[in-house]
Amino acid sequence: MELVTPDIGLIFWMTVSFTIVLAILKKFAWKPILQGLKDREDSIKESLSSAEKAREEMAKLKSDNEQLLADARLERDKIIKEALATASNIKEDAKTEASKISGKMIEDARTAISSEKQEAVAEIKRQVASLSLEIAEKLLRKNLSDSKDQRALVDQFINEVKVN
C-alpha cells in the first residue's frame, strides 16, 4: 500500500527533484527549444510568404504572357492586313502598268501602221507618177502632131486617176 499512499517525504523529494529538473530544463533546454520552435515558425511564415509571392508573381507572369500573346496576335493580324493591302496595291499597280503598256503598244502600232500606210501611199504615188510619165512619154511620141487628141487624152487620164 505504500505505493498507493505515498509518504510525505517521498512527495517532498519528488517535488524538489521535479523543481530542480524543471529549473535545469528552463535554464538550459527550454530557451533553445522555444528558440528552435520560434525559428521554425518564422521559417514557415517566410516560406508561406515566399510561396504567396511566387504565386502572385506566377499570376502576374501568366497575365503578362496572355497580354503578350494578345499583342502578338494583334500584331500578326496587322501585318497580315498590311501584306494583303500591299499585295492588292501591287496587283492594281501591275494592272495599271499593264494597261499603260498595252495602250502605248497599241498607239505605237497605230503610229507604225499609219507611217507604213503613208509610205505605201507615197510609194504608190511615185509609181503612178512614174507610170504616168511613161504613158505620157509614149503618147507624146505617138501623137505629137495632133494636139486636140492629146488634150482629150490628158483630160481623160486626169478624170480616171483620182489620188487620195
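Taken together, the values in this text are just the output of simple stated rules run on the coordinates, not laboratory data. The shown structure was predicted, so the numbers you read here are calculated from the model rather than taken from an experiment. For neighbour counting, all protein chains shown are included, and Cβ atoms are generated from backbone atoms with ideal geometry for every residue, glycine included.
Using just the helices of the chain, give the 222 nm mean residue ellipticity in deg cm²/dmol: DSSP H runs with n ≥ 4 each add -39,500 (n - 2.57), and the total is spread over all residues, rounded to 500.
Numbers: 3 runs with 143 residues, N = 164.
The helix contribution divided over the chain gives -32500 deg cm²/dmol.
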### Query
Among all the lysines, which ones have a C-alpha under 25 Å from Lys60's C-alpha, if same-chain residues fewer than 8 places away are not counted?
Lys45
### Task
Under a cut-off of 28 Å between alpha-carbon atoms, report the lysines in cross-link reach of Lys138, not counting same-chain residues fewer than 8 places apart.
Lys125, Lys148, Lys162
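Please state the charge dipole magnitude for the chain, taken about the Cα centre, from unit charges on C-beta atoms (+1 on K and R, -1 on D and E), reported in debye and rounded to the nearest 20.
On the way: 28 positive and 29 negative charges, 85 e Å.
Result for the chain is approximately 400 debye, rounded to the nearest 20.
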### Message
Can you compute the FRET efficiency between Glu92 and Ser115 using 1/(1 + (r/R0)^6), with r the Cβ-Cβ distance and R0 = 45 Å? Round to the nearest 0.05.
### Response
0.85
### Message
Quick check: residue separation of Leu34 and Ala122 times 0.36 nm, minus the Cα distance between them. What number comes out in nm?
### Response
18.9 nm
### Query
On a 0 to 90 degree scale, rounded to 10, what angle separates helix 147-160 from the longest Cα axis of the chain?
20 degrees
#### Entry: Volume per residue of the C-alpha convex hull in the range 8-160, rounded to whole Å³
142 Å³
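What whole-number volume per residue, in cubic angstrom, does the convex hull of the C-alpha atoms of the range 37-99 give? Mind showing how you got there, number by number?
Working: hull volume 2.4 nm³, N = 63.
In the range 37-99, the Cα convex hull volume per residue is 39 Å³.
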### Query
Taking θ as phi - 60°, what are the ³J(HN,Hα) couplings along the range 64-77 by the Karplus curve (6.51, -1.76, 1.60), each to the nearest whole Hz, with x for Gly and Pro?
4, 5, 5, 5, 4, 5, 5, 4, 5, 5, 4, 4, 4, 4
### Query
If the cut-off is 16 Å between C-alpha atoms, which lysines fall inside it for Lys100, apart from same-chain ones fewer than 8 positions away?
Lys91
### Query
Taking only Cα atoms, what is the 0 to 90° angle, nearest 10, from helix 8-24's long axis to the longest principal axis of the chain?
30 degrees
